[in-house]
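Let me begin by presenting the structure, written as structure tokens, before commenting on it.
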Amino acid sequence: MSINPFDRIQSCYEDMTPTDREIAVYILNSPREAARLSITEVARQTGSSKSALVRFANRIGYSGYAEFKFDLSRFLVSRNASANDGVETGDAIRNITETYSRYILQIQEACNGQDLSRLASMIIQANRIKIFGYDRTFNSAMQLRQRLAKIGIDAEAVSDIAIMSDLPDILNEKDLVIVFTISNNGAYNDYVTRFADRNVPVIVLTMTPNLPYQKFAREYIVLPRISRDSNISFLDDQAIYMVFIELLMDAAAARLQKQNRDQ
């Protein structure tokens, strides 16, 4: 019986270098993302390099990263097929909708009404708002920007790394940065640290606890990660972000109404 890529990673984990372990954690936590993204994007997500990913693949028994990625994709597809084998269409629909409902309900455990009110206050009081998102999380950044525009708050969604690198030298303590990141995007480490040095408030909206820059964020919200559900493959984490954004917008609109009444 051939060894699947997850077992290969776990069997070699104790002997891995720190860089290899960072790559391993990312792949184990985000296998579908790792299988979908290019080697360049995975290197960016893990804060490593293409050569480091090739060495990682060699270390766990593959001839190269391309072979590892192919085996990972094949394993995910076969696991999904096995999970759905014999499942009627109606059962599949019920399983998917119930899973989304369960994870959406978990949002209130990750962020309660007081948390939302606090975040909304930061948004309303900010002079300038920059929303970071990269790859798929840029969709969430754009959604938040558009929803803020609906209640009269201007913001900019940013995915360009060059623009991100300039912002710590431009923004100040009266502005606000909001970061969407599902897992550890190594590119954010330096930026969030630099924002903290300039006392720029940063809100991190993630699905991974204890990212390296957590201590530099003014607010750090960890939302439930539905793509980790082992029962159904290819569930989308962006759906959780979309619901959270609606909750945040409700809190922001309520604070704006109160502010207008008090004036």
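The values are calculated or read from the model by the stated rules, or taken from the named source; none is laboratory data. All values reported here derive from a predicted model rather than from experimental measurement. Here the Cβ is made from the backbone with ideal geometry for all residues, glycine too, and neighbour counts use every protein chain on show.
Remarks
- Test: residue in region 121-136 that is charged (D, E, K, R), at pLDDT 95 or above, assigned to a loop (DSSP other than H, G, I, E, B) and in the same structural domain as residue 172 (by TED's automatic domain parsing): yes
Here's the yes/no breakdown for (1) in contact with a Cys (Cβ under 9 Å, 6 or more places away or on another chain); (2) modelled with pLDDT under 90; (3) in a helix (DSSP H, G or I):
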site	(1), (2), (3)
2	no, yes, no
52	no, no, yes
57	no, no, yes
80	no, yes, yes
86	no, yes, no
91	no, yes, yes
97	no, yes, yes
100	no, yes, yes
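- Close pairs (9 angstrom Cβ cut-off, 6 or more residues apart or separate chains): free of Cβ contacts under 8 Å to residues at least 24 places away in the same chain in region 200-222, small (Gly, Ala, Ser) anywhere: 215/196
- Residues considered: 220, 213. Of these, the only one that is out of contact with any His (no Cβ under 7 Å at 6 or more places or on another chain), surrounded by fewer than 19 Cβ atoms within 10 Å (Cβ to Cβ), aromatic (Phe, Trp, Tyr) and assigned by TED's automatic domain parsing to the domain that holds residue 128 is 220.
- Residue under evaluation residue 4, criteria (1) over 21 Å from the mean Cα position of the chain (by Cα); (2) surrounded by 15 or more Cβ atoms within 10 Å (Cβ to Cβ); (3) closer than 23 Å to residue 226 by Cα; (4) without any contact (Cβ under 8 Å) to a residue 40 or more places away in the chain, criterion not met: (4)
- Residue in region 169-186 that is surrounded by fewer than 20 Cβ atoms within 10 Å (Cβ to Cβ), touching a residue at least 60 places away in the same chain (Cβ under 8 Å) and more than 30 Å from residue 98 (Cα to Cα) present: yes
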